[in-house]
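I have placed the structure first, in the form of structure tokens, so that the comments after it can refer back to it.
Please treat every number below as a calculation from the coordinates, not as lab data. Predicted, not measured: the structure shown is a model, and the values here were computed from it. With ideal geometry, Cβ positions are generated from the backbone for all residues, glycine too; neighbour counts draw on all protein chains shown.
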Amino acid sequence: MKTVLFKEATRGRANHGWLDSKHTFSFARYFNPTRMGFGLLRVVNDDKVIGGEGFGTHPHDNMEIVSIPLSGSLAHKDSMGHEEIIKSGEVQVMSAGTGITHSEYNANVDQDVQFLQIWVFPRAQDLKPRYDQKAFDFTKKHNDLTLIVSPDSEDESLWVNQDVWFSMGEFDDKQSKTYNVRRKENGVFAMVIEGEFEVAGTKLTKRDAIGIYDTDSFEIKSLANNGRLLLIDVPMD
């Protein structure tokens with residue numbers, strides 16, 4: 001087993017007043033040649049946008065984009081004709097493919113919205129753009145992982161054009177689980193959303209992350225109540 005640690009304090013940061021964004025990997029003005037991604041996982045941005053503000057219309061292409069609101073609500077509008085509100089507990093997927101434009105705004109004026117925006121390289125270039133979103137009830141599998149994104153809508157998850165599996169879970173203190181990596185060619189990026197965990201023998205606190213590869217499985221243990229964990233099982237090349 002091999003691991004690479006991404007401590008919260010080592011992330012890049014861009015604070016524009018209306019937007020406070022932290023970057024696990026190189027993004028925009030933050031560039032670190034040792035932080036260009038983990039396998040085909042290219043971007044993990046932790047964004048907080050104040051009330052009524054947001055990202056104006058901008059383009060994307062040839063990327064699988066997953067957005068996960070952690071608190072508040074996000075207003076989305078795109079060139080495919082979608083106008084949606086994505087709330088905490090929901091997940092949004094968007095295949096940029098041959099090219100799309102979209103905007104993202106805080107849907108509320110009186111509270112912040114905090115969300116993860118995650119980019120994964122697709123399995124092929126210039127695919128047809130697509131959009132989907134879904135609400136997930138994480139209480140149904142408390143102290144376990146819920147599959148939220150997969151290549152084939154397994155367990156009623158959203159799907160994207162890559163052999164990648166996103167799982168999230170909420171855990172009480174001292175709960176443990178063995179995670180089995182989905183494909184031999186994959187590694188797993190694990191990020192603590194809330195609480196404290198021991199993942200593959202490494203203690204992680206809020207917004208710490210670890211990349212794990214060259215193994216078939218590893219252990220997860222929650223070290224506090226109200227823990228939330230995100231796993232991204234992603235091809236390494």
*Consider the candidate values (1) 46, 37, 34; (2) 43, 40, 39; (3) 55, 38, 35; state which one is Cα extents along the principal axes in Å computed from the structure displayed.*
(2)
_Order of 74, 5, 229 - criterion: other Cβ atoms within 10 Å of each residue's Cβ, fewest first_ = 5, 229, 74
*Taking neighbour counts of Cβ atoms within 10 Å as a proxy for exposure, in what order, fewest first, do 95, 26 appear?*
26, 95
*What ranking of 4, 149 emerges when the number of other C-beta atoms within 10 Å of each C-beta is taken as an exposure proxy, fewest first?*
4, 149
*asked:* Along the Cα→Cβ direction, 7 angstrom out, place labels at residue 226 and residue 2. What is the inter-label distance in nm?
replied: 3.8
